[in-house]
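**Student:** Right, I'll just put the structure down here and ask away after.
The values are calculated or read from the model by the stated rules, or taken from the named source; none is laboratory data. What you are looking at is a predicted structure, and each value in this text was computed from that prediction instead of being measured. Here the Cβ positions follow ideal geometry from the backbone for every residue, glycine too, while neighbour counts run over all protein chains shown. Quick note on the areas: whole protein, heavy atoms, side chains included, nothing else; ligands and nucleic acids left out. Shrake-Rupley method; radii C 1.70, N 1.55, O 1.52, S 1.80 Å.
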Amino acid sequence: QEQLEESGGGLVQAGGSLRLSCSASGFDYFSMYSMAWFRQAQGNERELVAAISWSGENTFYQESVKGRFTISRDNRQGTVLLQMSGLKPEDTAKYYCAATSSIGYERARSYDTWGQGTQVTVSS
């Protein structure tokens, strides 16, 4: 059974940094999956934050995080990272790791396997 487990969330002051990690298990060929990070703030819909193609050569970022967040992956380890810097209070949300074997790593609707999420809270 395919599973994703996020870690690394927490409370940080505005301007600070956090690194989220997603560990994949049960995937036959993890390197064939595109991966992404989504977030959902209280009262809001889940939104795509960053995505990375199966090879790691292509990435997508939501406009509001460009230049501050970096997504990366290690196919041998089965992990995906989201390095977040310059954090703002509006980045406060529960962050989810997601996977898809469909074409279109930048398409939010492509993702169909989800982790349980990790909370990120940025204080002002």
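**Student:** For the chain, what proportion of DSSP beta bridges, expressed in % and rounded to the nearest 5, is antiparallel?
**Tutor:** 90 percent
**Student:** Please list, by residue number, every one of the trypsin sites (Lys or Arg not before Pro) in the range 1-89 that is coil in DSSP and has at most 15 other beta-carbon atoms within 10 Å.
**Tutor:** LYS66, ARG68, ARG76
**Student:** GNM on the chain, C-alpha springs below 10 Å: top fluctuator among ASN44, ASN58, ASN75?
**Tutor:** Comparing ASN44, ASN58, ASN75 in a Gaussian network model of the chain, the most mobile one is ASN44.
**Student:** How high is the FRET efficiency between SER64 and MET32 when r is their beta carbon distance and R₀ equals 22 Å, given to the nearest 0.05?
**Tutor:** Efficiency for this residue pair is about 0.15.
**Student:** Can you give the accessible area per residue of the chain, in Å², using a 1.4 Å probe?
**Tutor:** That works out to 56 Å² per residue.
**Student:** Another one. Over all pairs of distinct alpha carbons, what does the Kirkwood formula give as the hydrodynamic radius of the range 1-66, in Å?
**Tutor:** Kirkwood hydrodynamic radius for the range 1-66: 13.8 Å.
**Student:** Using the Cβ atoms and a cut-off under 12 Å, what net charge is assigned to the surroundings of TRP114, where Lys and Arg are +1 and Asp and Glu are -1?
**Tutor:** Here the count lands on -2.
**Student:** Using the eigenvalues of the Cα gyration tensor, what equivalent ellipsoid semi-axes result for the chain when each is taken as the square root of five times the eigenvalue, whole Å, largest first?
**Tutor:** Three semi-axes, in Å: 23, 14, 13.
**Student:** If you wrap a convex hull around the C-alpha atoms of the range 60-112 and split its volume per residue, what is the figure in Å³?
**Tutor:** Dividing the Cα hull volume of the range 60-112 by its residues yields 102 Å³.
**Student:** Return the loop-located GluC sites (Glu not before Pro) in the range 40-124 (DSSP other than H, G, I, E, B) with at most 10 other Cβ atoms within 10 Å of their own Cβ; answer none if there are none.
**Tutor:** In loop regions of the range 40-124 (DSSP not H, G, I, E or B), the sparsely surrounded GluC sites (Glu not before Pro) are GLU45, GLU57.
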